[in-house]
1. Restricted to Cα positions, what overall size does the chain have along the principal axes? Three whole-Å values, descending.
2. In the full protein assembly as shown, how much of K66 is accessible to a 1.4 Å probe, in Å² to the nearest 10?
3. Using a Gaussian network model on the chain with a 10 Å cutoff between Cα atoms, which of I19, I86, I132 fluctuates the most?
4. Compute the signed sum of charges (Lys and Arg +1, Asp and Glu -1) over the other residues within less than 10 Å, Cβ to Cβ, of D136.
5. Using the crude model of +1 on Lys and Arg Cβ and -1 on Asp and Glu Cβ, and no other charge, please compute the dipole size for the chain relative to its Cα centre, in debye to 20.
6. Rounded to a whole number, what is D in µm²/s for region 27-129 from Stokes-Einstein with the Kirkwood radius over alpha-carbon pairs (10 °C, 1.306 mPa s)?
7. Under 26 Å between alpha carbons, and skipping anything fewer than 8 positions from K14 in its own chain: which lysines qualify?
8. In square angstrom, what is the accessible area per residue of the chain with a 1.4 angstrom probe?
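The values are calculated or read from the model by the stated rules, or taken from the named source; none is laboratory data. These figures come from a predicted structure and were not determined experimentally. Here the Cβ positions follow ideal geometry from the backbone for every residue, glycine too, while neighbour counts run over all protein chains shown. Accessible surface areas use protein heavy atoms only, side chains included; no ligands, DNA or RNA. Shrake-Rupley method; radii C 1.70, N 1.55, O 1.52, S 1.80 Å.
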Amino acid sequence: MSLPHAILTALLEKPSSGIELTRRFDKSIGYFWSATHQQIYRELGKLEQSGAIRELRRQQPSQGQKKEYEVLPAGRAELAAWVGRIEDPKPIRDALLLRLRAAGVVGAQGLDAEVGRHLALHRAQLAEYRAIEAHDFGPERASPGDRVRHLVLRGGIDLERFWVGWLEDAHRELRDMAGETGTGPEPTAK
């Protein structure tokens, strides 16, 4: 389970409240590890109960203010141990790939538009990643932490470049098949 580790990472980068964490997940960590607000708050409670994090002490009483959390030594140790663990890659689970496979059996009517929509979404995500790279990772950002964060972003860029190229090929192939038969791939006989 990596959500607690994503939260520990975010809190080590900057002590935050639950709402600040959810915003950060929506803007950065969420690009590669998504979580709902409820999941984040539930995990914060578990991490606090386990002694991995604690609420930051405030100078003045804080009635109505957001609780901010920081990582304790036990949380840092757990994160460091997790970073060094061996873990196999997870298989891809993508509904579009399964739908394409099903199209080989039942026909691809209407699938070309969906492939085109996915292509537009991946092109937009690639453009967003490239804008982040241009804005956040110039030559002056060469600290070890920045270099590792840039590696993560470059991984996202490379994945989006793969999807754009593959979807362009799939889109073209589906259009070619539709032009040949008028309907797309023929269903296979049993």
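1. Here the spans come out as 73, 42, 37 Å, largest first.
2. Surface open to solvent at K66 totals about 100 Å².
3. I86
4. Surrounding charge for D136 is 0.
5. Working: 28 positive and 27 negative charges, 147 e Å.
Magnitude of the dipole: close to 700 debye.
6. Numbers: Rh = 18.5 Å.
It comes out at roughly 86 µm²/s.
7. Within the straight-line cut-off, K14 pairs with K27, K46, K66, K67.
8. Numbers: 13030 Å² over 190 residues.
Spelled out: the 1.4 Å probe surface of the chain, per residue, equals 69 Å².
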